[in-house]
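Encoded as structure tokens, the structure appears first; notes follow it.
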Amino acid sequence: MSSEKLIKAIKEKGKSLEAEMSFFEHLEVLRWHIIRAFIAVTIFAIISFSFYDFIFNDIIMGPKNLDFWTYRMMCKVGDLLNLEGFCVEKIPFNIINTELAGQFMLQINSCLLMAVALGFPYLLFEVWLFVKPALTDVERKSANGFVFYATILFVIGALFGYYIVVPLSVNFLANVSLSDEITNQITIDSYLSTIATLTLGCGVIFLLPILIFILSKLGLMTPQFMRASRRYAIVIILIIAAIITPTADVVTLLTVSAPMLMLYELSIMVSARVKKQRDLREKEFYNK
């Protein structure tokens, strides 16, 4: 009996050692993915630093200038539809720096944010490379194009955030005036944080169909549930649109919420397609 127990203990120890080695091997693989992602962000940050004049004057400060593309389009639409007050005539605030290292940190932070935005496709690619070995052949085949579609959605969302949400928010908040005695002096940190949060946030929100695809694959989301919850989703989307564009203008609210509603409907279609494919595979399995 003692020899059998010894052999059993050795086998169990061998299994635990194999599991531990597998765990540390995964950690090693993950470490190299993180290192490569860090190198990619660093390279994009250096490139951003080299073109910083363009990044600061044309991108960061763009939504503050009256000749920004969105403001010019708003004036044209206002003139075409005879919408009084739709044209942006002033953005009354000054940007100030209140810290000794403020402008230096502005350059560093803005370059890092630009690097993350530019390197987002590669970061997704590294995530895909890490997850891919754990997927089955069917899952790997169904997830083909993940990086491409996620990148497209992120870029569209970021552009929507930068050219629609950011200027509408900046215009509204800059023109809120409780008293003539109050002058808007906005710190550069606050301004950059607003621009980056709204732009990157919209990019992430536009990844909703990808998230729904993953949840549907895991069986945690169904098109029936999403259709039944549509009315609640509309209310939530309108609340989110009202928060990121705090204005009483109905046109602005609908402009921001319409793409989110379209994303929700697109997510329902994605979930329905996943369910249809799963039902077909189950039918083929039981018919064998």
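Measuring how big the chain is from its alpha-carbon positions, Rg and Dmax come out at 25.4, 95 Å. Site pair N57 and T98 shows an inter-label distance of 2.9 nm when each label is modelled 7 Å from Cα along Cα→Cβ.
Remark: the chain carries a charge dipole of roughly 1720 debye about the Cα centre, counting +1 on each Lys and Arg Cβ and -1 on each Asp and Glu Cβ. Placing a label point 7 Å from the Cα of I34 along the Cα-to-Cβ direction, the residues of region 107-126 whose backbone N falls under 17 Å from that point are 123-124, 126.
Positive end of the dipole of region 2-206 (Cβ unit charges, origin at the Cα centre): among S110, A174, I188, the Cα lying farthest that way belongs to S110.
Select from V147, G201, F130 the residue farthest towards the positive end of the dipole of region 2-206; place +1 on Cβ of Lys and Arg, -1 on Cβ of Asp and Glu, and compute about the Cα centre. Looking along the dipole axis, the top candidate is F130.
Around the amide H of T187, modelled in the peptide plane, lie the amide H atoms of I96, all under 5 Å away and 5 or more residues distant in sequence or on another chain.
The numbers here are math on the coordinates, done by the rules we state, and not lab data. The model shown is predicted, which means the values in this text are computed figures rather than measured ones. Every residue, glycine among them, receives a Cβ derived from its backbone with ideal geometry; neighbour counts consider all protein chains shown.
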